[in-house]
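The values are calculated or read from the model by the stated rules, or taken from the named source; none is laboratory data. What you are looking at is a predicted structure, and each value in this text was computed from that prediction instead of being measured. Neighbour counts run over all protein chains shown; Cβ positions are idealised from the backbone, glycine included.
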Amino acid sequence: MRVRAMDASGDMIFGTNANAYLVNSPEAVGQLVGTRLRLWLSEWFADTDDGTPWATQVLGKGTTGTYDAVIRARILDTPGVQSIDAYISNMTGRDLEIQARVSTIYGSTTVSL
């Protein structure tokens, strides 16, 4: 697996040769999980069926009992993820914080949103 690395603000890193990529590492899978979770359903023009259903199944009234299952399923469907070892979510007002420790085909990593 090879993904373009991102800096702390979420921008892709260019021009640093091999350092611009995460290759066959838990961090590569973790970054992929994070970008998949941040993609809203129908946001990407090339595949409007892909994305996290934030507007319909995660945020808003009546989703308190179900949004964790939606997010966990999205994490487990990420290429390279084998299992979720730990998962915590906390919704405070309009903020949702997610922390997950996942086992990948390359080792373990933590994802925070």
Has region 29-49 got any residue that is in contact with a Lys or Arg (Cβ under 8 Å, 6 or more places away or on another chain), under 22 Å from GLN99 (Cα atoms), at pLDDT 90 or above and among the polar types (S, T, N, Q)? no
Among the residues listed as ILE88, ILE75, ILE84, the single one being of a type in the set (A, V, I, L, M), surrounded by 11 or more Cβ atoms within 10 Å (Cβ to Cβ), within 24 Å of MET12 (Cβ to Cβ) and modelled with pLDDT of 85 or more: ILE75
Quick check on my filter: what residues within region 27-58 are among the hydrophobic types (A, V, I, L, M, F, W, C) and in contact with a helix residue (DSSP H, G or I) (Cβ under 8 Å, 6 or more places away or on another chain)? VAL33, LEU37, TRP40, LEU41, VAL58
Of the residues in region 82-113, how many are part of a strand (DSSP E or B) and either touching a Lys or Arg at 6+ places or on another chain (Cβ under 9 Å) or among the hydroxyl-bearing types (Ser, Thr, Tyr) (or both)? 15
For region 19-35, indicate whether the set of residues that are assigned to a loop (DSSP other than H, G, I, E, B) and under 20 Å from GLY107 (Cβ atoms) is non-empty. yes
ARG74 meets each of (1) under 17 Å from ALA28 (Cα atoms); (2) free of Cβ contacts under 8 Å to residues at least 24 places away in the same chain; (3) among the charged types (D, E, K, R) with one exception, condition (2)
What do you reckon, is LEU22 of a type outside the set (Ser, Thr, Tyr), under 23 Å from GLN82 (Cα atoms) and touching a helix residue (DSSP H, G or I) at 6+ places or on another chain (Cβ under 6 Å)? yes
If you scan region 55-81, which residues turn out to be in a loop (DSSP other than H, G, I, E, B) and within 22 Å of THR109 (Cβ to Cβ)? ASP77, THR78, PRO79, GLY80
So for region 23-36 (the condition being closer than 17 Å to THR92 by Cα, without any contact (Cβ under 8 Å) to a residue 60 or more places away in the chain and surrounded by 13 or more Cβ atoms within 10 Å (Cβ to Cβ)), does at least one residue qualify? no
